[in-house]
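The values are calculated or read from the model by the stated rules, or taken from the named source; none is laboratory data. Please read these numbers as outputs of a predicted model, since none were measured by experiment. Don't worry about glycine lacking a Cβ; one is built from the backbone with ideal geometry, like all the others, and counts go over all protein chains shown.
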Amino acid sequence: MMTILEHYHYLVFAVILMTGFYAVMAKLNLVKKLIGLSLFQAAVFLLYISMGKVEGGTAPIFSDLIDVELYSNPLPQVLILTAIVVGISTTALGLGIIVRIKEAYGSIEEHEIQELDRK
Amino acid sequence: MSAWQAHLPVLQVIVPMLTAPLIILLRDRRLCWAATTLASLCSLAIAVALCIEVVSSHRVGYEMGSWPAPWGIELGVDAFSALLLLVVNGASALVLTGAFSSLDRDIDNERQPLFYAAWLLALAGLNGILVTADAFNIFVFMEISALASYIIVSAGPDRRVLPAVFKYLIMGTVGATFYLIGVGLIYLMTGTLNLADIELRIYEVADQRPIMVAAGFITIGLALKAAVFPLHQWLPNAYTFAPNAVTVFLAACATKVSLYILLRFNFYVFQPNLADHDIQFAYFLLPLSLLGILVASTVAMFEPSLKRLLAWSSVAQIGYITLGASLISIAGVTASLLHMFNHALAKAALFLAVACLGMSLRRLRLEDIGGVAKQMPWTMAAFVLAGLSLIGVPGTAGFVSKWYLITAVLESGAWGAALVAVIVVSSLMAVVYIWRVVEAAYFGNSEGEAAIGEAPLPLLFATWVAVALNFYFGLEASLPTGLAETAALILMGHLP
């Protein structure tokens, strides 16, 4: 039980990840699907950022003024900076496509679009 | 080695990537096309130069910003990457050279500069995946190429392209994010992102659960991006409604580059270190490959739309590639890699012929192409010859890789004969679905508009170059087989 509580950030990661994934699969509204996708990606950002934290560690800045032995790992944050840019581009492109779908079909509900295609 | 030659691995990415923003400034659509084609031809020349170097010196490494490997990002080109660099850059250069008229027909004039820029970004991303030796770098390039390919696919003229692209975007992003989770867990356990470094360090933690979960996430995520059956849902519609020239490019490269990462990770990183990973990998992939080959070929036999028929055939061909890899033998992996190369040749030629048909017919269902061979004899002749290569008739490139595959399957033991039966049956199915097109085009009667005549010369030229390559590599297969054999030895751990 203790180990589960100690690693609560992984639980948060898993819950947000699956919430997003559920929305991607189950929602018929395309915007809601995209929101789910964003949540799904945001969960992974949390996984990376939480793994870089070292207990008792400070920001990794070298200085003669303060005497610090332990630093947190800055690399995951740098990686996630890139992944956030990727995530935003994906969301922007997805929204752009949704706008064009709305113009072409007059709807952003998946089942209505399928209905229109069948005609 | 002269000074600039040492920079070839990074130039492979930089040339298309930096040309892309310049293209937007050019404005004029002919100028944009010319600049894009030139950049793509440069990129092909770099790929050929790298390939020559790899043949003589085994591996070409490059340290970004002169930072040595585990700290800095390392680029590395070996036989496996060189083989796929040839496929990707060759396909892009060939299509761009021939397809100006086809693209000009499909895409609005004012959107063309943006379209060509996106094409080059897709090319840069695919090249980046192939040259880098860093797990996170692969993710970034994967997303660059994926985002750019969503854009070039969505340029298709039919409105049904939009839901297809949206599906492609959702599934592509889920696949890439799965890969990102896997890489994160590996980084968590090993503290490194360099593939060679991961390979060294993962051994100590190989029995721990995060590594096994990471292997699962990476394999499933990449199988999704590579359209391994039954994760192929995005592929048929995206290929069908994309502009004809884009379909040629994507069908030749996009899924194969994802398979490249899948095989690179599973064979290079996991196989030597994780206990029983090879058995789990084979049990996962082998049934899916066989199902994919049979189901997708069956669907292709009954599909009324020409482009979707060929797209389903692509799903089946991905099955052959994963079937070879799931045998976990040197012969099997060689066959798999060789089939990546040869299938790209055959499918590029077929889709180029379809692009030719698309120049004079608005709709491309089998009932619309009735009797088209009378108006477009050269196009249909190219389609028939490329179809022979897809089926695997002796003398074509398709035969070489099927021969390797059957040999590898027979060596694999008790199940060998059953697997050969699957390959033979599915080849017969390929005969059926190619024949349906041939029958319609040569002996059918058109119900709609008649074709206005032969396709424009540059497009026809590109198609025939692709057909000629199918026969050239069918008779003189030493280059792809040599690269594939070396790459298989590297993947199976017999060469560093």
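Is it true that residue B:493 is of a type in the set (Gly, Ala, Ser) and surrounded by fewer than 18 Cβ atoms within 10 Å (Cβ to Cβ)? Answer is yes for this residue. Are any residues in the range B:110-133 in contact with a Leu (Cβ under 6 Å, 6 or more places away or on another chain) and either surrounded by fewer than 24 Cβ atoms within 10 Å (Cβ to Cβ) or β-branched (Val, Ile, Thr) (or both), and if so, which ones? Once the filter is applied, which keeps residues that are in contact with a Leu (Cβ under 6 Å, 6 or more places away or on another chain) and either surrounded by fewer than 24 Cβ atoms within 10 Å (Cβ to Cβ) or β-branched (Val, Ile, Thr) (or both), the range B:110-133 yields B:131, B:132.
For the range B:272-309, a residue qualifies if it is surrounded by fewer than 20 Cβ atoms within 10 Å (Cβ to Cβ) and touching a Gly at 6+ places or on another chain (Cβ under 6 Å), and exactly one does: B:272. For first residues located in the range B:41-66 and touching a residue at least 24 places away in the same chain (Cβ under 8 Å) and closer than 13 Å to residue B:130 by Cα, partners that are assigned to a helix (DSSP H, G or I) and among the charged types (D, E, K, R) and lie 6+ apart or on another chain with Cβ distances below 9 Å form the pairs B:60/B:53. Only one entry of B:357, B:327, B:338, B:323 meets the criterion of being buried (at least 19 other Cβ atoms within 10 Å of the Cβ), touching a residue at least 60 places away in the same chain (Cβ under 8 Å) and either among the hydroxyl-bearing types (Ser, Thr, Tyr) or farther than 23 Å from residue B:286 by Cβ (or both), and that entry is B:357.
Only one entry of A:5, A:28 meets the criterion of being modelled with pLDDT of 90 or more, of a type outside the set (S, T, N, Q) and more than 12 Å from the chain's Cα centre (by Cα), and that entry is A:28. When residues in the range B:188-203 are screened for being touching a residue at least 12 places away in the same chain (Cβ under 8 Å) and part of a helix (DSSP H, G or I), 10 of them pass. Residue B:146 meets the stated requirement of being under 15 Å from the mean Cα position of the chain (by Cα) and within 10 Å of another protein chain (Cβ to nearest Cβ). Every listed requirement among (1) more than 9 Å from every other protein chain (Cβ to nearest Cβ); (2) more than 27 Å from the chain's Cα centre (by Cα); (3) acidic (Asp, Glu) is met by residue A:117 save one, (1). Residues that are small (Gly, Ala, Ser) and outside any helix (DSSP H, G or I) are absent from the range B:248-263. For the range B:393-416, the criterion of a residue being among the aliphatic types (A, V, I, L, M), surrounded by fewer than 18 Cβ atoms within 10 Å (Cβ to Cβ) and in contact (Cβ under 8 Å) with a residue 60 or more places away in the chain is satisfied by no position. Note on the range B:204-247: residues that are of a type in the set (D, E, K, R) and in a loop (DSSP other than H, G, I, E, B) total 1. Taken together, B:38, B:50, B:103 contain a single residue that is part of a helix (DSSP H, G or I) and under 24 Å from residue B:478 (Cβ atoms), which is B:50. Name every residue in the range A:62-92 that is touching a residue at least 24 places away in the same chain (Cβ under 8 Å) and away from chain B (no Cβ under 12 Å), in order of residue number. Within the range A:62-92, A:77 is the sole residue that qualifies. Pairs are defined by a Cβ separation below 9 Å, a sequence spacing of at least 6 or placement on different chains, a first member in the range A:20-40 that is within 10 Å of another protein chain (Cβ to nearest Cβ) and closer than 16 Å to residue A:93 by Cβ, and a second member that is among the β-branched types (Val, Ile, Thr) and not in a helix (DSSP H, G or I); the pairs so defined are A:30/A:108.
Looking at the range B:51-71, can you tell me whether even one residue there is out of contact with any strand residue (DSSP E or B) (no Cβ under 8 Å at 6 or more places or on another chain) and surrounded by 15 or more Cβ atoms within 10 Å (Cβ to Cβ)? Yes, that holds for at least one residue. Residues of the range A:1-50 that are farther than 20 Å from residue B:182 by Cα and not in a helix (DSSP H, G or I): A:1, A:27, A:28, A:29.
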